[in-house]
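Below: the structure, in structure tokens.
The values are calculated or read from the model by the stated rules, or taken from the named source; none is laboratory data. The structure presented is a predicted model; accordingly, all values stated were derived computationally and were not measured. Counting neighbours? That spans all protein chains shown, and the Cβs are built from the backbone with ideal geometry, glycine included.
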């Protein structure tokens, strides 16, 4: 949303004084004042995009249009300060269609997924795709492209690119600094990028899983001051005390954590955020509205919850024109009957009614991505032979000890484990075990590297392949047999990106993601339908997990504890180093 | 304080991790955490200018120097977000000498007094004079030079100058927009200046005495969002609800107002500020520390009071590097035994001990103002004949009705009154009444205008003259006889500015203010001594008032209710218009 021009503001000043009629008067609402944490009956006087005044329920005000709120709560449009639109696997217009009726009117997105594939043109694509929506889409400059030096992405973003990005109007912050090892050691690209952003006084988003004590202090001292990773109650308290804005996403919500956080959220330092919402979750359970409902359901005071999705994230991102319903601020307003079971009835974007009862009322622009965004899977489909693992230096028959990524059904973090695998004719006979082989193929047309690792607790049968694999989005293939893995990989490569789940010769479920290999160019409901089918296929393949797609998609994320896999090999995340597949014996 | 460089920050990151010894360790303190509103035992680890970490009381940390806090409270250095250094009648170094031992380490000053005399060179003078102090002096761009179109100042600052000023590193905000009539009518220089600042997204300081309802909403909608003028409890509540940061100064402090404000200060929207502190008050009662003690004494929770003088004003001014004691923030730290009777024991500026037990420990730079700043009183001394008022159009003998500024002994606001004065030989025989004549002579070498008015409730005898007369700082002369007025005026004019109180042929008290006619170039104690003598002289002249010097000094301020006097004549402040001396009958 561009700044209202001087003329608009002038007219709002006249309207406030009653010297001109309002464009819209919202009568009979219970105003949730996020500034004072109060709720009281009011009328909202709107001129152009702005709130011109808030007046008492019985005051006279002349207006061209009057909407009776019928006693509904009026709260500011929701603001999500930490999310990746690409996680919803759609482009910004389709994303807006899904979130605006849910009351989300401002997002500050870190486009680091597409940046890892396409670099700055990817960021530019997202900015272009986000224009002229009934949703204010701001961005963060992706700080970790690639996330670490232990993987090959489609692009590198260094201090020079960051300087450029931070000068763009649409960019409000440095995106999450995931390579905390680089920050702590103060070596490497992520450290240089951070220093550049700090020199420029930028807001810097964090990613500090389990960091505590001196390490957390060091990370914050370096200039990072938010965290949206999973926190326990003591980690939450430590963050708030250290000047870190706590961004709680769904997985961090727990009654005790919310109690601990709310008791210390005295300086607008508590935000609710979504981070990653999959398309099917988005369609069925919702977005920031769902996080809000969940937090309130767990005991967070509704007014505090409203503040955590409006004023706190707006101030965090230095958006001083929103986050409250007050004179001179944008008229981004949501009416709801119930603060606990929050369902937006009417949604006003800059004083304009844009959604009613969950349905968007305004047409969306038709955005077509450029051709180069549709040709990003630059790797030949790997044949079955690419999934045979030789065992040089060990007897041709016997066993070999390998490192294993141990999946947990309730977390996307893995354990670092080991296993012993039979060796047959100089190759690992891994299909005879209960492990899956995972392989990550560099797919950006660069070095063509491939990394191998084993996984426990994933598929019991079949194979999956996906180019949606955080954060470098290389081609991840994971399965129980070389043939099924090869089939899944071919399906994905031939379609320019996506996900496929294979059993025998059949593709059980698939998602087409042709934009940068990670995003669809279709409406969210279609993608959600495909993804739901893919999830069912994963169940058929015996993979039971609270968040199965994400668990697979971050198997390749070398900043997510504890053992992960990139095209360069297995990564010991806490040590920040590549470790061999075979364990020294 | 310049941003700590990358090297300093790097070392602090090492210190936080225990990889290098701290420069300073403050042990055994009770940390006042302004972010979470908690107090707990801690040690503060300092590297260079920065806090590197806050650790538990029993943790080991190596340091080059250890200071035992002996159980004192540790709080962030105080931040004053609204003040005019010129009100203390000294230059920034002398000001720092007075306030740093009181724990004030950051001020955001509006230099509008000196700007009204000297324009941008005056602002530049203040910036130069504030370099290399153990006090961070930031500035605001004076928005109302002159305060209104109803007076003649030494300079005009328009939208072009504002654009320039806002681009200077030292300038954090647009200074108080005093001409609220211009804002509401959206006409005139102040409205244009405000629009320019709003277009640039600047913080805008307000001045909204008694504004309420639609007028307040209009003023806020126009882009102003703080107020430091006197407020009652309902005005305080209305401001907080409207998104206005409430800046309470001494005169606004009252138990009920503090209760009302504290209940709604949920978004760092409550600051304590000083606005104007006279040199003798500064020396004897203090500065922001005194406002803090007073507020706590009236029942404001001490931790909330600390937040209102640290984090809240820092965030208001978008100084994200201070306002709390937390990793990565500036080590501006104050130790005190008592939060209620707040007296700083030790004061650390960027990790350096700069004051102990009320005494500054570091030498201050010797600043010499440029010659042009010492030659600003450009008016001939008026003789007694300038204080004779002809009555054209009325009978040569009889009476005439005139407007009267009615002083109140407890407020700097005046009432708009009338009186009937005998006419003798075509002139007002005002000395035979109980009124004082006041005259304001333009003294900047411009139009040479003079305005006349009468005052009730000021001097009972004698006369005063002062070039320290808000905001245009013309020559104000006020007294009971033309001869005494002429003598007082001559004293001031001949010394290049200041204040003088005269009885008969004797100067009873005086203050020399040669810099721009409003500021001394000597230490604050000397100025305080002179000012105390001037106050005693005012008492001798029969002027009893809670704030006698300020009451006289704002007799010329055409934005302070209700009837005031400028070189253009009497001003009806609420109407924003010049009104005649004589009342139509």
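Residue by residue, here is whether (1) surrounded by fewer than 24 Cβ atoms within 10 Å (Cβ to Cβ); (2) modelled with pLDDT of 95 or more holds:
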site	(1), (2)
B:413	yes, no
B:417	yes, yes
B:439	no, yes
B:443	no, yes
B:447	yes, no
B:471	no, no
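State which residue is farthest from residue A:215 (Cα to Cα) when the search covers only region B:36-59 and only residues that are in a loop (DSSP other than H, G, I, E, B) and away from chain A (no Cβ under 11 Å). Outline the logic, then answer.
At the first step, the residues of region B:36-59 found to be in a loop (DSSP other than H, G, I, E, B) are B:36-37, B:48-49, B:56-59.
Checking the rest, the ones that are also away from chain A (no Cβ under 11 Å) come to B:49, B:57-58.
On the way: B:49: 20, B:57: 18, B:58: 18 Å.
Checked region B:36-59; the qualifying residue farthest from residue A:215 (Cα to Cα) is B:49.
In region B:266-275, is there at least one residue being more than 21 Å from residue A:203 (Cβ to Cβ) and surrounded by fewer than 24 Cβ atoms within 10 Å (Cβ to Cβ)? Lay out the reasoning, then the answer.
Taking region B:266-275 as the starting set, the residues that turn out to be more than 21 Å from residue A:203 (Cβ to Cβ) are B:266, B:270-275.
Narrowing the set further to residues that are surrounded by fewer than 24 Cβ atoms within 10 Å (Cβ to Cβ) leaves B:266, B:275.
Yes.
Among what's in region A:240-254 and is within 17 Å of the chain's Cα centre (by Cα) and surrounded by fewer than 24 Cβ atoms within 10 Å (Cβ to Cβ), pick the residue that is farthest from residue A:213 (Cα to Cα).
Among those that are within 17 Å of the chain's Cα centre (by Cα) and surrounded by fewer than 24 Cβ atoms within 10 Å (Cβ to Cβ), it is A:250.
For residue B:263, which of the numbered conditions (1) within 11 Å of chain A (Cβ to nearest Cβ); (2) in contact (Cβ under 8 Å) with a residue 12 or more places away in the chain fails to hold?
Every condition holds for residue B:263 apart from (2).
Can you name the number of the only condition in (1) farther than 22 Å from residue B:90 by Cα; (2) in contact with a helix residue (DSSP H, G or I) (Cβ under 9 Å, 6 or more places away or on another chain) that residue B:566 fails?
The single condition residue B:566 does not satisfy is (2).
Which of the residues spanning region A:516-542 are within 21 Å of residue A:469 (Cβ to Cβ) and without any contact (Cβ under 8 Å) to a residue 12 or more places away in the chain?
A:539, the sole residue that qualifies.
Condition (residue is under 23 Å from residue B:112 (Cβ atoms) and at the interface with chain A (Cβ under 10 Å from one of its Cβ atoms)) applied to region B:225-234: is it met by at least one residue? Write out each step before concluding.
Pass one, region B:225-234, residues under 23 Å from residue B:112 (Cβ atoms): B:225-231.
After this cut, where a residue has to be at the interface with chain A (Cβ under 10 Å from one of its Cβ atoms) as well, the list is B:225.
Yes, there is a match, as at least one residue in region B:225-234 is under 23 Å from residue B:112 (Cβ atoms) and at the interface with chain A (Cβ under 10 Å from one of its Cβ atoms).
Of all the residues that make up region A:492-516, how many are in a strand (DSSP E or B) and under 24 Å from the mean Cα position of the chain (by Cα)? Working first, answer last.
Kept after step one, since they are in a strand (DSSP E or B), are these residues of region A:492-516: A:498-503, A:506-512, A:515.
Those still in the list that are under 24 Å from the mean Cα position of the chain (by Cα) too: A:498-501, A:509-512, A:515.
Number satisfying all stated conditions: 9.
Within region A:542-563, take every residue that is touching a helix residue (DSSP H, G or I) at 6+ places or on another chain (Cβ under 7 Å) and part of a helix (DSSP H, G or I) and give me the one that is farthest from residue A:415 (Cα to Cα).
It comes out as A:549.
Any idea which residue in region A:181-203 is surrounded by the most Cβ atoms within 10 Å (Cβ to Cβ), counting only those that are within 10 Å of another protein chain (Cβ to nearest Cβ) and at positive phi?
The extreme case among them is A:186.
Can you pull out the residues in region B:271-318 that are in contact with a strand residue (DSSP E or B) (Cβ under 7 Å, 6 or more places away or on another chain) and more than 22 Å from residue B:73 (Cα to Cα)?
B:274, B:275, B:316, B:317, B:318
For region A:240-250, give me each residue that is more than 10 Å from chain B (Cβ to nearest Cβ) and within 19 Å of residue B:35 (Cα to Cα).
Step one: of region A:240-250, the residues more than 10 Å from chain B (Cβ to nearest Cβ) are A:246-250.
Within region A:240-250, A:246, A:247, A:248 meet the criteria.
Take the residues of region A:271-323 that are within 11 Å of chain B (Cβ to nearest Cβ) and part of a helix (DSSP H, G or I): which is nearest to residue A:138 (Cα to Cα)?
Here the answer is A:314.
Looking at region B:117-146, which of its residues are under 18 Å from residue B:474 (Cα atoms), more than 14 Å from the chain's Cα centre (by Cα) and buried (at least 24 other Cβ atoms within 10 Å of the Cβ)?
Scanning region B:117-146 gives B:117, B:118, B:122, B:144, B:145, B:146.
So which of B:489, B:465 is within 26 Å of the chain's Cα centre (by Cα) and in a helix (DSSP H, G or I)?
Working: B:465 fails: in a helix (DSSP H, G or I).
It is B:489.
Looking at region A:221-235, I want the residues that are without any contact (Cβ under 8 Å) to a residue 40 or more places away in the chain and have a partner that is part of a loop (DSSP other than H, G, I, E, B) and surrounded by fewer than 24 Cβ atoms within 10 Å (Cβ to Cβ) with Cβ atoms under 6 Å, at least 6 apart or on another chain. Which pairs are those?
Final answer for the pair search is A:229/A:209.
Please specify each residue of region B:220-256 satisfying the condition of being in contact with a strand residue (DSSP E or B) (Cβ under 7 Å, 6 or more places away or on another chain) and assigned to a helix (DSSP H, G or I).
Once the filter is applied, which keeps residues that are in contact with a strand residue (DSSP E or B) (Cβ under 7 Å, 6 or more places away or on another chain) and assigned to a helix (DSSP H, G or I), region B:220-256 yields B:221, B:236, B:239, B:240, B:241.
Quickly run through region B:6-35 and pick out the residues that are in a strand (DSSP E or B) and at the interface with chain A (Cβ under 10 Å from one of its Cβ atoms). It would help to see each step written out before you state the result.
Just the residues of region B:6-35 that are in a strand (DSSP E or B), to begin with: B:22, B:24-33.
Within region B:6-35, B:31, B:33 meet the criteria.
Hey, among B:214, B:206, which residue is free of Cβ contacts under 8 Å to residues at least 40 places away in the same chain and either more than 12 Å from every other protein chain (Cβ to nearest Cβ) or over 20 Å from the mean Cα position of the chain (by Cα) (or both)?
Details: B:206 fails: either more than 12 Å from every other protein chain (Cβ to nearest Cβ) or over 20 Å from the mean Cα position of the chain (by Cα) (or both).
When all the criteria are applied, what remains is B:214.
So, residue A:194, is that one closer than 25 Å to residue B:322 by Cα and touching a strand residue (DSSP E or B) at 6+ places or on another chain (Cβ under 7 Å) or not?
On the way: closer than 25 Å to residue B:322 by Cα: yes; touching a strand residue (DSSP E or B) at 6+ places or on another chain (Cβ under 7 Å): yes.
Spelling it out, residue A:194 is indeed closer than 25 Å to residue B:322 by Cα and touching a strand residue (DSSP E or B) at 6+ places or on another chain (Cβ under 7 Å).
When you check residue A:253 against the structure, is it more than 14 Å from every other protein chain (Cβ to nearest Cβ) and within 30 Å of residue B:329 (Cα to Cα), yes or no? Don't jump to the end; show me each part of the working.
Details: more than 14 Å from every other protein chain (Cβ to nearest Cβ): yes; within 30 Å of residue B:329 (Cα to Cα): yes.
For residue A:253, the condition - more than 14 Å from every other protein chain (Cβ to nearest Cβ) and within 30 Å of residue B:329 (Cα to Cα) - is met.
List the number of the failed condition for residue B:405; all other conditions in (1) more than 28 Å from the chain's Cα centre (by Cα); (2) farther than 22 Å from residue B:513 by Cβ hold.
(1)
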